[in-house]
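The values are calculated or read from the model by the stated rules, or taken from the named source; none is laboratory data. Just so it is clear, the structure is predicted and the values come from calculations on it, not from any experiment. Cβ placement follows ideal geometry from the backbone for every residue including glycine, while neighbour counts extend to all protein chains displayed. Side chains are part of the model used for accessible areas, which takes the heavy atoms of the whole protein and leaves out ligands, DNA and RNA. Shrake-Rupley method; radii C 1.70, N 1.55, O 1.52, S 1.80 Å.
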Amino acid sequence: MAETRVSPIPLLQDELDIVIPTIRNLDFLEMWRPFFQPYHLIIVQDGDPSKIIKVPEGFDYELYNRNDINRILGPKASCISFKDSACRCFGYLVSKKKYIFTIDDDCFVAKNPSGEEINALQQHVKNLLSPSTPFFFNTLYDPYREGTDFVRGYPFSLREGVPTAVSHGLWLNIPDYDAPTQLVKPLEKNTRFVDAVMTIPKGTLFPMCGMNLAFNRELIGPAMYFGLMGDGQPIGRYDDMWAGWCTKVICDHMGWGVKTGLPYIWHSKASNPFVNLKKEYKGIYWQEELIPFFQSAILPKDCTTVQKCYIELSKQVRAKLGKVDEYFIKLADAMVTWIEAWDELNQSGKSSELPNGPAK
């Protein structure tokens, strides 16, 4: 008698939304069908709202364009970027799920060194459901993975770990380079598969890439604002990094973890380095001021929710980065508008407050 194979129930099927920003038909979903079809998709259409975006049959999805954003947010729609992948954060705003996975439409299924297709979503879920260790580095990387543990000399008092707020995945093929690096290394490909996940230590910033990213929306969602970028703004391609810097400062304050490493996706095409240089020019110049700002940012103890942390950060952006350029005053205002929109659309949701205040 033939054995009946039962497909495993997808992890967090009813607790996770997949958010995809796009300007084109989503044919790339065909490749992801075995992994994505059980989940709900939130598609944020950028650019011309009259353009029809085709989604392959069989997917459960909502599709929002600029007209929908304006209708739902009213005057607060000004905080959502236009003609930039930063529009994806509107999907985070309207989701009602605990977790978010976001991916770009030029990202395909990668294969591991054994030739097996990588279920990126499943690995992100594993990362988010296992603790992080931001306060003491484990030299065998993630101690919660099968076949590993804490090394000798690791304090037992820290082995329980802390909640994981963010899972940052990587990419094979086209690396995530800035325009100057693209120009000097036009043929470079990332072929190195590193079978590792690690917690980014407390006090350490990182350049977050939004093309293969998952996070606990219930914990850190209000900080996942991708800023004001693209059309009408003096900067682009810094949306995910802005969110990453704000998020990391807040995670450090609240005592939560950020993981990076697995899973890999296959990044299929490089964007034009000359177009990118135009978008990034001021960001490359400004980041030399931005990084020290975030490295020295301190949030007071009365910031016990992500919303309070984010509003406090917006005040510091206005006071300190406003001197760098007027754009940051506009951005600080948009940060406040974002939190107002978040609270308005998520009134029934509980804010992530720590019973004993932030981490020491």
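Quick grid of which residues meet (1) within 22 Å of Ala334 (Cα to Cα); (2) at pLDDT 95 or above:
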site	(1), (2)
Met211	no, yes
Ala214	no, yes
Arg217	yes, yes
Gly227	yes, yes
Cys246	yes, yes
Cys251	yes, yes
Thr260	no, yes
Ser271	no, no
Ile284	yes, yes
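Given the conditions (1) in a helix (DSSP H, G or I); (2) within 21 Å of Met254 (Cα to Cα); (3) open to solvent by less than 40 Å² (accessible area, probe 1.4 Å), which single one is not true for Val166?
(1)
Do you know which residues across segment 64-122 are of a type in the set (Lys, Arg) and either open to solvent by 60 Å² or more (accessible area, probe 1.4 Å) or on the phi > 0 side of the Ramachandran plot (or both)?
Within segment 64-122, Arg71, Lys83, Lys96, Lys98, Lys111 qualify.
Going by what's in this entry, would Glu57 be described as under 21 Å from Gly169 (Cβ atoms) and open to solvent by 20 Å² or more (accessible area, probe 1.4 Å)?
When the stated conditions are applied, Glu57 does not pass them.
Among the residues in segment 116-132, are any touching a residue at least 60 places away in the same chain (Cβ under 8 Å) and over 24 Å from Pro34 (Cβ atoms)?
Within segment 116-132, one or more residues are touching a residue at least 60 places away in the same chain (Cβ under 8 Å) and over 24 Å from Pro34 (Cβ atoms).
Only one residue in Asp142, Asp104 is under 30 Å from Tyr64 (Cα atoms), charged (D, E, K, R) and touching a residue at least 24 places away in the same chain (Cβ under 8 Å). Which one?
Asp104
List the number of the failed condition for Thr181; all other conditions in (1) closer than 19 Å to Asp105 by Cα; (2) in a helix (DSSP H, G or I); (3) not acidic (Asp, Glu) hold.
Here Thr181 meets the rest and fails (1).
Whether any residue in segment 309-319 is at pLDDT below 95 and either open to solvent by 40 Å² or more (accessible area, probe 1.4 Å) or under 19 Å from Asp252 (Cα atoms) (or both) is what I want to check.
No, segment 309-319 contains no residue that is at pLDDT below 95 and either open to solvent by 40 Å² or more (accessible area, probe 1.4 Å) or under 19 Å from Asp252 (Cα atoms) (or both).
Residue pairs, Cβ under 8 Å, 6 or more apart or interchain, first in segment 321-332 and of a type in the set (Lys, Arg), second in a loop (DSSP other than H, G, I, E, B) and open to solvent by less than 50 Å² (accessible area, probe 1.4 Å). List them.
Lys330/Leu228
Being surrounded by fewer than 22 Cβ atoms within 10 Å (Cβ to Cβ) and in contact with a strand residue (DSSP E or B) (Cβ under 6 Å, 6 or more places away or on another chain) is the filter here; which residues of segment 231-261 pass it?
Asp231, Gly255, Thr260, Gly261
Mind checking which residues of segment 171-197 are out of contact with any helix residue (DSSP H, G or I) (no Cβ under 7 Å at 6 or more places or on another chain), surrounded by 18 or more Cβ atoms within 10 Å (Cβ to Cβ) and more than 24 Å from Leu277 (Cβ to Cβ)?
Matches in segment 171-197: Leu172 only.
Would you pick out the residues in segment 32-46 that are open to solvent by 10 Å² or more (accessible area, probe 1.4 Å) and out of contact with any Asp or Glu (no Cβ under 9 Å at 6 or more places or on another chain)?
Arg33, the sole residue that qualifies.
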